[in-house]
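Below you'll find the structure, written out as structure tokens, and then a few comments.
The numbers here are math on the coordinates, done by the rules we state, and not lab data. Fair warning: this is a prediction, and the values are worked out from it, not measured in the lab. Note that we place each Cβ from the backbone using ideal geometry, even for glycine, and neighbour counts take in every protein chain shown.
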Amino acid sequence: MSVTVIIPTLDEEEAIGKVLGDIPKGIIDEVIVVDSSSDGTAKIAESFGAKVILESRMEYGRALQSGVEKAEGEVIVYIDGDYSYDPRDIPRVVQPILSGKFDVVLGNRFKGVMLPGSMSFHNRFGNLVISIVFSVLLLRRVGDTQCGLRAIRKRILDGFSYHDYGMPYVTEQLIKLVRRGARVGIMPVNYRPRIGKTKLRAWADGFEILKVILRERFGKHR
């Protein structure tokens, strides 16, 4: 199966070259950078041979969705453009799908090597709370629902529509995948301090993600 890597970027000119330079050769057929930047991120990405999609709607989920819609690969990989995830971990999350074992493989930063300074106490606590709430309400144990490195068999996303295209997008998508009966695997991945300024609004985004989980579990869903 062919593999497309999707990288959402917002002013990541300091990091994007490192991300693209470390993507393993051979296993990856296509790299898409979905860019909402005002800096030189797009030009740097193009210089590495990536397909650049300009996205004026500056939402994390919207960038990922735009990449999914343009991806030609049968397996898609999400990875952030800030170099906090190691692109050399990509084969580890892709291989279980290529072998037919899983439809979705989520990275787990808490099971891999997490370098000092990569995640604050508040973010660590929030991630664990969200993952526990998700696991209890959806009856599917997931230790790191917010991990930005994951692989998905693209065809299993067909027909999905979303309420939220911000940070909660990946959580809503994961809920829909679980409901569809996707085989979900977990793989330890490494995590390090990001390059550049964070775009995460820890408390606000955390509450929005929890609201999505509660709405999808107890409300009417599509």
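Quick one: in region 85-124, which of the residues that are out of contact with any strand residue (DSSP E or B) (no Cβ under 8 Å at 6 or more places or on another chain) and among the aromatic types (Phe, Trp, Tyr) is nearest to residue 157 (Cα to Cα)?
This residue is 110.
Looking only at region 165-181, count every residue that is over 14 Å from the mean Cα position of the chain (by Cα), buried (at least 18 other Cβ atoms within 10 Å of the Cβ) and assigned to a loop (DSSP other than H, G, I, E, B) and tell me the total.
0
Taking the condition of being out of contact with any Gly (no Cβ under 6 Å at 6 or more places or on another chain), touching a residue at least 60 places away in the same chain (Cβ under 8 Å), of a type in the set (D, E, K, R) and part of a loop (DSSP other than H, G, I, E, B), how many residues in region 38-78 meet it?
Qualifying residue count for the region: 3.
Could you list all residues from region 196-217 that are in a helix (DSSP H, G or I) and either crowded, with 17+ Cβ neighbours inside 10 Å or of a type in the set (Gly, Ala, Ser) (or both)?
202, 204, 205, 206, 209, 210, 212, 213, 216
Please count how many residues of region 12-37 are surrounded by fewer than 20 Cβ atoms within 10 Å (Cβ to Cβ), within 18 Å of the chain's Cα centre (by Cα) and touching a residue at least 60 places away in the same chain (Cβ under 8 Å).
The total comes to 5.
Collect the residues in region 79-95 that are assigned to a loop (DSSP other than H, G, I, E, B) and at negative phi, keeping them in residue-number order.
The answer is 79, 80, 81, 82, 84, 86.
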